[in-house]
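Colleague: Before anything else, here's the structure in question.
The values are calculated or read from the model by the stated rules, or taken from the named source; none is laboratory data. None of the values given here were measured: they were computed from a predicted structure. No Cβ is skipped: glycine too gets one built from the backbone with ideal geometry, and neighbour counts run over all protein chains shown.
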């Protein structure tokens with residue numbers, strides 16, 4: 001009988017959750033993980049009132065200030081519970097909560113664009129205060145810079161989000177420190193910071209393959225808890 005031997009590939013050194021799509025998020029010590037990623041991750045999004053599209057930093061010409069806003073859940077996102085309200089810190093340090101009746105108006109004023117804060121679909125959850133819809137698939141936009149080797153150049157295209165979520169594609173984004181080190185070797189004059197890649201999980205180990213930049217899928221079996229260290 002053959003027994004497989006498991007060797008550690010690295011240590012989880014940081015957890016990040018981004019309660020509102022394309023905003024800065026909050027660092028965690030531990031998190032429940034489900035088939036939909038870290039509990040509470042991308043649970044909310046802004047929706048453009050003019051065209052119904054999801055606000056995405058992938059189109060910085062339309063949404064240039066998204067990374068100036070920081071979102072955090074008002075309570076722990078436990079499995080099976082209702083989705084907590086979200087608190088958004090604006091660039092001027094004022095806070096807006098999804099439980100406030102005028103949250104859409106305040107965020108629209110801050111972003112200079114009419115929008116609504118929406119909660120994503122969850123089979124086992126009901127959103128707190130922010131409006132929700134039935135089963136649906138959102139659409140967002142992506143700007144393609146004028147660069148060789150891309151499918152498009154200097155244009156904006158639409159892409160569909162997975163049904164009932166605000167993820168672009170994968171539910172969990174894993175980044176290794178080896179990847180950042182490798183990128184710095186390729187482009188020494190560049191700045192490669194963890195927050196720019198917006199990972200959920202940062203893994204540190206000098207022998208981790210540098211090719212592991214983004215890993216689709218779950219990091220642990222659904223329903224388990226992972227912790228730093």
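Colleague: For segment 133-147, enumerate the residues that are in contact with a strand residue (DSSP E or B) (Cβ under 9 Å, 6 or more places away or on another chain) and either part of a strand (DSSP E or B) or surrounded by 12 or more Cβ atoms within 10 Å (Cβ to Cβ) (or both).
Modeller: 133, 138, 139, 140, 141, 142, 143, 144
Colleague: So, residue 150, is that one part of a strand (DSSP E or B), farther than 19 Å from residue 56 by Cα and at pLDDT 90 or above or not?
Modeller: Working: part of a strand (DSSP E or B): no; farther than 19 Å from residue 56 by Cα: yes; at pLDDT 90 or above: yes.
So residue 150 fails the test.
Colleague: I need a count of the residues in segment 156-197 that are part of a loop (DSSP other than H, G, I, E, B) and either surrounded by 11 or more Cβ atoms within 10 Å (Cβ to Cβ) or at pLDDT below 90 (or both).
Modeller: Of the residues in segment 156-197, the ones part of a loop (DSSP other than H, G, I, E, B) are 161-173, 187-193.
Filter once more, keeping what is either surrounded by 11 or more Cβ atoms within 10 Å (Cβ to Cβ) or at pLDDT below 90 (or both): 161-173, 192-193.
Total meeting the criteria: 15.
Colleague: Note down all Cβ pairs under 7 Å where the first residue falls in segment 22-51 and is in contact (Cβ under 8 Å) with a residue 24 or more places away in the chain and on the phi > 0 side of the Ramachandran plot, the second is assigned to a strand (DSSP E or B) and surrounded by 15 or more Cβ atoms within 10 Å (Cβ to Cβ), and they're at least six residues apart or on different chains.
Modeller: 40/17; 40/73
Colleague: I've got another one for you. Just for segment 21-37: of the residues that are in a strand (DSSP E or B) and in contact with a strand residue (DSSP E or B) (Cβ under 7 Å, 6 or more places away or on another chain), which one is farthest from residue 119 (Cα to Cα)? Talk me through it step by step, then tell me what you get.
Modeller: Quick first cut of segment 21-37, residues in a strand (DSSP E or B) only: 24, 26-28, 30-34, 37.
After this cut, where a residue has to be in contact with a strand residue (DSSP E or B) (Cβ under 7 Å, 6 or more places away or on another chain) as well, the list is 24, 26-28, 30-33.
Numbers: 24: 17, 26: 18, 27: 21, 28: 21, 30: 23, 31: 20, 32: 19, 33: 19 Å.
Among those that are in a strand (DSSP E or B) and in contact with a strand residue (DSSP E or B) (Cβ under 7 Å, 6 or more places away or on another chain), it is 30.
Colleague: Could I ask something else about it? Filter segment 198-211 down to the residues that are under 26 Å from residue 34 (Cβ atoms), part of a loop (DSSP other than H, G, I, E, B) and over 18 Å from the mean Cα position of the chain (by Cα), then identify the one that is modelled with the lowest pLDDT.
Modeller: First pass over segment 198-211, keeping only residues under 26 Å from residue 34 (Cβ atoms): 198-205, 208.
With part of a loop (DSSP other than H, G, I, E, B) added as a condition, the list becomes 198-200, 205, 208.
Within this subset, residues satisfying the condition of being over 18 Å from the mean Cα position of the chain (by Cα) are 205, 208.
On the way: 205: 70, 208: 52.
By that ranking, first place goes to 208.
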